[in-house]
Amino acid sequence: MSAILELRGVTKTYGTRIKTEVLHGIDLAVPRGDFLAITGQSGSGKTTLLNIMGLLDRPTNGTLAVNSVDTAGMDDEAITALRGRTLGFVFQFHHLLPALTVIENVMMPLMADKGRETPGMRDAAAALLKRVGLGERLNYKPDEISGGQRQRAAIARALAMKPAVILADEPTGNLDSVSSGEVFALMRELNKSDGTAFCVVTHAADIAKQCDRIVEIVDGRLV
Amino acid sequence: MPFSVFIAFKYLLDEKRQTLFIMSACAIGVAVMVFLYGLISGLQRSLVDRTLGSQAHIILNANKEKPRPLAEAGGDTAVMARVERGFDRPQMIADWPRRLEAIAASSGIVAAAPRLTGAALLRRGDVTRPVGVSGIDPESFTTIVPLAKSVVAGRYDLVGDEIFVGKDLADDLGVTVGDRVALQTRGGAFNFLISAVFDLGNRSVNENQVFVSLRQAQALLEAPGDINQIDTRVGEIFEAERVARRLEKETGIETISWMEQNSQLLIALRSQSSSSYLIQFFVMVAVALGIASVLVVSVVQKRAEIGILRAFGTKRSVVTRIFLIQGAVVGLLGSTVGCFIGTGLAMFFRDSAKNPDGTPLFPISYELSEYVVFIIIATLVGIIAASLPARQAARIDPAQVVH
Ligand SMILES: Nc1ncnc2c1ncn2[C@@H]1O[C@H](COP(=O)(O)OP(=O)(O)OP(=O)(O)O)[C@@H](O)[C@H]1O
Ligand SMILES: [Mg+2]
């Protein structure tokens, strides 16, 4: 089984004077098409783990392989390119760029990759937005749509580069239960239809239950 | 459109008030620069024009001898040199028609004219005045010093015993065109008929100089066929000193440029220029600080957005560029507006400060190339001002700012 992400003995220590080890020897593999829930108490290290899996942060010790390639020796530019092409992100807060329209936000990862807008980009972004139910809101600004719509736009943005895996840190944490259910259902459906893997950090037990796998972090260790 | 330009413009357009604010700062700064530059260069041009209105750019004069050492300096010997007046009679330029031609054809020189200078007493009735007499060829002389244009009465012509006198001398003696005056030298007294009264805009010249034909001067000063001075005009007035030094080496005749003759004026102009540059420099420093501080705040406000850009594959170098472009655009557009404002101010000033006769106190005008320089400077200032916030933005670590 080919894992997209594979962590071996990952530890993370914060601080230079007072050192606190937040993660202690994490081993975790995310195979293609996986739908993984990561749960744990507040402060247990879920976000820290997700940042390392998402190449947003580097482990203190241990290795992270993306598509079986070790990332330890890569420089910032290589990491940035790999992150942009392989991984997508959804956060608790939507983090859409307020200066851009919804469709421009979805095109952003594509433009960052190619360095400019190229033919077909706009159509691809529009198609994605249609899939997440925002086909009528392409040229709205983020502050002109609802919270659930913003989070769906954020999911469309995460999908733009057709990433192998999307890392979602409490994606429904800011939403009411109806929107929350819709957003989660959307992620499940995308996982089924496209085979995009998802790693979802969540506190909600009912959401975790609907995932393929659940791992729990307790004090920086997987149980 | 490159991605960095796209995002930079989105940010500038999204924060309209902030963008307008820093663009105005830049426009005001550039307006001050343009205004000051126009004022200073207009003033200086008019001072230089006025100075050059009554004198040749370079004169070669055989009378003014240089101290010539009798022994060569070298080793332990230092040589003191001074001029010993060797000749009672003024020195002349030998073989002058050929040398005049050579000088006129010399590089940097656009015109040359012969002149014989000397001193005489001008007599009218029982009033006498010591004057400088210049024997000239009116046609070629006026290409060096605009004497023909300076005629306020009479006609610009020296036929036979005709003479030009300055306005102040004419007023002083109570004479005018058609009157007779006498010039007296060791060689005797000669009668002249005033054919023109001139005003070269320089009181000392108007009071002390008279012009006669070359032939008359040669007779008066007992120098038949001779001249002792060649007046020249150069193409580039501020090249005059360099050209003069070269001519002196080539001809061996003592050579003085207008720049040497007016060294005090030039020092004054230069220090005026440098103080105006200093003011312009500090104005631009203030503009740069304004742009930088606004962009620094903008980077702080956009930390999370920059983190998102980075998370979705935007390189550090592109983040840097996004902010540098904002600085450049602010500088470019702000300075373009500033050029208009500065020119408007200068024109208003020019039209409100006038001489009693209604002509402008001094000319103010701009060349397109000067605007281009201002705009380039302001754009560079914008980029430099943006470089600190840009670096700050590029250092942002997505893991720290995105939750
Ligand atoms: N940048 C940092 N510097 C120092 N300590 C940090 C830093 N980020 C996180 N921590 C610490 O690491 C531990 C784990 O934090 P993390 O954000 O991963 O928890 P979490 O499981 O995501 O919690 P929550 O459910 O509240 O989001 C916490 O004790 C936190 O204080
Ligand atoms: Mg967290």
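The values are calculated or read from the model by the stated rules, or taken from the named source; none is laboratory data. None of the values given here were measured: they were computed from a predicted structure. All Cβ positions, glycine included, derive from the backbone under ideal geometry; neighbour counts span all protein chains shown. All accessible areas refer to the heavy atoms of the entire protein, side chains included, with ligands and DNA or RNA removed. Shrake-Rupley method; radii C 1.70, N 1.55, O 1.52, S 1.80 Å.
Our summary gives chain B a relative contact order of 26 percent, counting only alpha carbon pairs under 8 angstrom and 6 or more residues apart. Using Cβ point charges alone (K and R +1, D and E -1), the dipole size of the range B:90-252 about the Cα centre works out to roughly 160 debye.
Helical runs assigned H by DSSP (4 residues or longer) give the protein assembly as shown a calculated mean residue ellipticity at 222 nm of -15000 deg cm²/dmol, each run adding -39500 (n - 2.57) before division by the residue total. For the range A:125-138, the Karplus equation 6.51 cos²θ - 1.76 cosθ + 1.60, evaluated at θ = phi - 60°, returns couplings of 5, 5, 5, 4, 5, 5, 4, 8, x, 10, x, 9, 10, 3 Hz by residue, with Gly and Pro reported as x. If a spin label sat at a point 7 angstrom from the Cα of A:Ser42 along the line to its beta carbon, the backbone N atoms of the range A:196-223 nearer than 15 Å would be those of A:202-204.
For the Cα trace of chain A, dividing Rg by the Kirkwood Rh returns an Rg/Rh value of 0.96.
Each Cα pair under 8 Å and six or more residues apart adds its separation to the average, and for the range B:193-314 the resulting relative contact order is 9 percent. Calculated from the alpha-carbon coordinates, the range B:135-181 shows an Rg and a Dmax of 10.9, 30 Å respectively.
Note on the range A:77-148 and the range B:232-254: Cα centroid distance 70 Å, given to the nearest whole angstrom.
The ratio of the alpha-carbon radius of gyration of the range A:93-223 to the globular-protein estimate 2.2 N^0.38 Å is 1.09. Each chain gives up part of its surface: B and A jointly bury about 2500 Å² of accessible area, both sides summed, for a 1.4 Å probe. Mean partner shielding of peptide A:85-95, defined as the number of other chain Cβ atoms within 10 Å of each residue Cβ, is 3.
Taken one residue at a time, the phi angles of the range B:367-372 give Karplus couplings (6.51, -1.76, 1.60, θ = phi - 60°) of 9, 4, 5, 5, 4, 4 Hz. Gly and Pro are set to x. Put simply, the amide H of A:Glu216, placed in the peptide plane, has neighbours under 5 Å in A:Thr39, A:Val223, leaving out anything fewer than 5 places away on its chain.
Rounded to whole numbers, the Karplus 3J(HN,Hα) couplings from phi for the range B:105-121 are 8, 5, 5, x, 9, 9, 7, 9, 9, x, 7, 10, 10, x, 10, 7, 9 Hz, using 6.51 cos²θ - 1.76 cosθ + 1.60 with θ = phi - 60°, and x at Gly and Pro. Taking every residue in A:161-170 and counting other chain Cβ atoms within 10 Å of its Cβ, the average works out to 1. With no solvent and one equal point scatterer per Cα, compute the Debye intensity ratio I(q)/I(0) for the protein assembly as shown at 0.07, 0.11 Å⁻¹ and report its log10, rounded to two decimals. Results for the protein assembly as shown at q = 0.07, 0.11 Å⁻¹ read -0.65, -1.05. Note on B:Glu162: accessible area approximately 10 square angstrom, rounded to 10, probe 1.4 Å, nucleic acids and ligands left out. Could you tell me what percent of the accessible area of chain A is made up of carbon and sulfur, with a 1.4 Å probe and every protein chain present? Looking at chain A in its full context, I get 49 percent from C and S. Over all pairs of different C-alpha atoms, chain B has a mean inverse distance whose reciprocal, the Kirkwood radius, equals 26.3 Å. In percent, rounded to a whole number, the relative contact order of the range B:90-252 is 33, using alpha-carbon pairs under 8 Å and six or more apart. Using alpha carbons only, the radius of gyration of the range B:229-336 set against its Kirkwood radius gives Rg/Rh = 1.38. Protein heavy-atom surface of the range B:90-252, 1.4 angstrom probe: 49% of the accessible area is carbon and sulfur, with nucleic acids and ligands not counted. Backbone N atoms of the range B:224-241 closer than 18 Å to the 7 Å Cα→Cβ label point of B:Arg215 belong to residues B:224-227. For the range B:90-252, the Kirkwood hydrodynamic radius comes to 16.4 Å, computed from all pairs of different C-alpha atoms. Expressed as a fraction of 2.2 N^0.38 Å, the C-alpha radius of gyration for the range A:1-89 is 1.08. Here the peptides A:149-157, B:255-263, B:333-341, B:102-110 are ranked by packing, the mean other Cβ count within 10 Å, and the order with the highest first is A:149-157, B:333-341, B:255-263, B:102-110.
With the simple spin-label model, which puts each label point 7 Å out from Cα in the Cβ direction, the B:Phe282 to B:Met92 separation comes to 6.1 nm. Close amide-amide hydrogen proximity is noted between A:Tyr140 and A:Val102, A:Ile103, each under 5 Å apart and 5 or more residues distant or on a separate chain (H modeled in the peptide plane; Pro and chain starts excluded). The residues of chain A present an accessible area of 44 Å² per residue when probed at 1.4 Å with all protein chains retained. Simple spin-label estimate for B:Val372 and B:Arg155 gives 4.8 nm between the two label positions (7 Å along the Cα-to-Cβ direction from each Cα). How big is the gap, in Å, between the Cα center of the range B:144-209 and the Cα center of the range A:31-60? Spelled out, the Cα-based centre of one part sits 101 Å from the other.
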